[in-house]
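Remarks on the structure that follows.
The values are calculated or read from the model by the stated rules, or taken from the named source; none is laboratory data. What you see is a predicted model, and the numbers here were worked out from it, not measured in a lab. Glycine gets a Cβ as well: all are built from the backbone with ideal geometry, and neighbour counts include every protein chain shown.
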Amino acid sequence: MKSLVWFRSDLRVHDNPSLKEACINFDEVHAVYLYSPKQLKEHNEANVKTEFLINNLHSLSQDLEKLNIPLTILKSDGFKNDPQLIQEIITQRNIQKVFWNNQIGTDELDRDMLMKEILDKEKVDYESYFDQLVFNPGSLLSGQGTPYSVFTPFKKKWIENFDLELLDIDFEYKPKKLTEITSNIKSFDFNFSSKHFVDMTLWQAGEKEADIRLSFFLTKKISQYAQDRNDPIIDGTSRISPYLALGVISAKKCILEALKINNFELTSGKKGITKWIDEIIWREFYKNIMFSFPKVSKGQPFQEYSKAIKWRYDEFEYNAWKKGMTGFPIVDAAMRQLVAEGWMHNRLRMVVAMFFTKNMLHDWRLGEAYFMQNLIDGDFSSNNGGWQWSSSTGTDAAPYFRIFNPITQSTNFDKNGEFIKKYIPELRDLDKSVIHNPPKEHRKYCNYPEPILDLKQSRLRAIEAFKAAKS
C-alpha cells in the first residue's frame, strides 16, 4: 500500500501530522513538493526566502531519506497546475491515499478544493490537517458564534480551551519500506539566482538548526525576553520566525518546550515565557483572521471605512523609504537591516510601517508587498495583519490618531544609538544626544539626508485624511 505526502509550508519531519499519519497507516510512503517560481513571484515571496526554501528542501530530503521516503520535486506553473501534477504522480505510482497540511489563504484553499474534487472523481482517498495552529481556524468563536476580530478576547478563548493534550506531538518514526524511487533534489533545476545581499550563514537551514535556535533561546534569552524584546540592538528575540514561516518547526513544539521550563503554566510563572507564547498566539490570531475574513487575503482592508482613505504617492519619498534615506535614523536603520539580513526587529516593523502609512500617508499595500519581497520570514497572514494594524485599517487596529513618533521611538528603544550606528555607518561618530535627530550641520558633515517630511504637519495630514474617510 502506497501513500503520498504533499509538502507545502511544513518542511519538517517532527510534529508533521500528514507525514505521521501516512507513516502510521502505510508501509510505503512517497513525498512530493511542487516548486513554482511563477507562483512565488505572484505572491511576492522574497528572493532570500526562496533560497532559504531551497536550502530547507535539501535538508528535508536528507531527513526523509533516513526513513526511506523519497522526496520528488516537481516544477509547477502555479496553484492551478498543482492538482494536475499530483494526479499524474498518483497514477504513475499507484498511490492509494494522499496526505497534506492545509495552508491559509484564498488561492491555497481554492487549489485544495479542486484537488479534492479530482481525488473524489478518481476515487483516491485523502486526508488533510491544519499543522500551523493549535486550534483549527474558525473553531474559536465568540459568544455570538462569530469569529474574533480583536486579539485580547481571542487569546482569552484560546487559553480557556487550551489543554496540554493538544501538544501531544511525540512520535517515533521508523524507516518505511524501501521504494524503487529516489529523491531527485540533487538533479532538479530550481532555476534560482541569488539577487539579495543577505549573508545566509545567518540563517542555517534545517529542522536541527531550528531546534538548536529554540533551545538556545529558551535557555539563554527567554528569561529577559519581556524586557529585551523591544530593544533592537539587544539580540533578545528568538529569530525563529523564518523557520515558522516555512514550517521547519511547529508552533506547537515552540509552546510545548517553553511550557516545560515554566512548570507547564500558560498564564503565570516566568514573564518572558508567557510574553513569548503571546506572540505565537498572535500568529494564530492573524491566520484565523485570514481564514474567517478572506477579503484581507485579496488586498482589501478589514475596516470598510478605510477604503475611502485618499492615500498619497510620492516617488521620491517611496524610494527614500526603501533605501533607508528618509532622514529619520531609526527608520533608515530598520530599512537597511531588512536588506542586510532579510529580517527586521518586530518593534521596528511597527515603527516603519506606521511612518509609511501615517506620516508618508502611502497605501499600506505598497509597504506590505515590499516587506514580503524582502523578508526571509515573510508570512502572508502575519505580515498583512501587522501592516493593517499599523495603518489602522485592520482588526484590533491602532486608533488612527495613534501615530508613533520615530524620534521618540528611537530615544526610547535605542537609547545610545547603537542600532543606528550599526546600520547607518555614516552616523557612527555622532553622540547619543544628537544621533536620533541630527542637526543640519551634522547631517551635512556625515552626508546624511535632511528629513523627507515634517513630523508634526504629516501627523495632522494623516488625521485629517482618516477623519475624512470616516465621515
Check: Based on what the data block shows, is residue 131 touching a residue at least 40 places away in the same chain (Cβ under 8 Å), buried (at least 17 other Cβ atoms within 10 Å of the Cβ) and of a type in the set (Asp, Glu)?
Finding: yes
Notebook entry, point to check: Hey, any hits in segment 81-98 for a residue that's farther than 22 Å from residue 206 by Cβ, basic (Lys, Arg), out of contact with any helix residue (DSSP H, G or I) (no Cβ under 7 Å at 6 or more places or on another chain) and assigned to a helix (DSSP H, G or I)?
Noted result: yes
Checklist line | Long-range neighbours under 8 Å by Cβ, at least six apart or interchain, first residue not assigned by TED's automatic domain parsing to the domain that holds residue 64 within segment 174-187, second exposed (fewer than 11 other Cβ atoms within 10 Å of the Cβ) and in a loop (DSSP other than H, G, I, E, B) | finding: 175/66; 176/27; 177/27
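Kindly provide the set of residues from segment 118-139 that are β-branched (Val, Ile, Thr) and part of a helix (DSSP H, G or I), ordered by number.
Within segment 118-139, just 118 meets the criteria.
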Checklist line | Restricting segment 223-237 to residues that are in contact (Cβ under 8 Å) with a residue 24 or more places away in the chain and under 27 Å from residue 53 (Cα atoms), the residue that is surrounded by the most Cβ atoms within 10 Å (Cβ to Cβ) | finding: 232
Notebook entry, point to check: Out of (1) over 24 Å from the mean Cα position of the chain (by Cα); (2) surrounded by fewer than 22 Cβ atoms within 10 Å (Cβ to Cβ), the odd one out for residue 4 is which?
Noted result: (2)
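Please specify each residue of segment 360-381 satisfying the condition of being out of contact with any strand residue (DSSP E or B) (no Cβ under 8 Å at 6 or more places or on another chain) and among the hydrophobic types (A, V, I, L, M, F, W, C).
Residues satisfying the conditions are 364, 366, 369, 371, 372, 375, 376, 380.
Residue-by-condition table, conditions (1) farther than 24 Å from residue 44 by Cβ; (2) of a type in the set (A, V, I, L, M):
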site	(1), (2)
231	yes, no
235	yes, no
240	no, yes
261	yes, yes
265	yes, no
268	yes, no
286	no, no
295	no, no
298	no, no
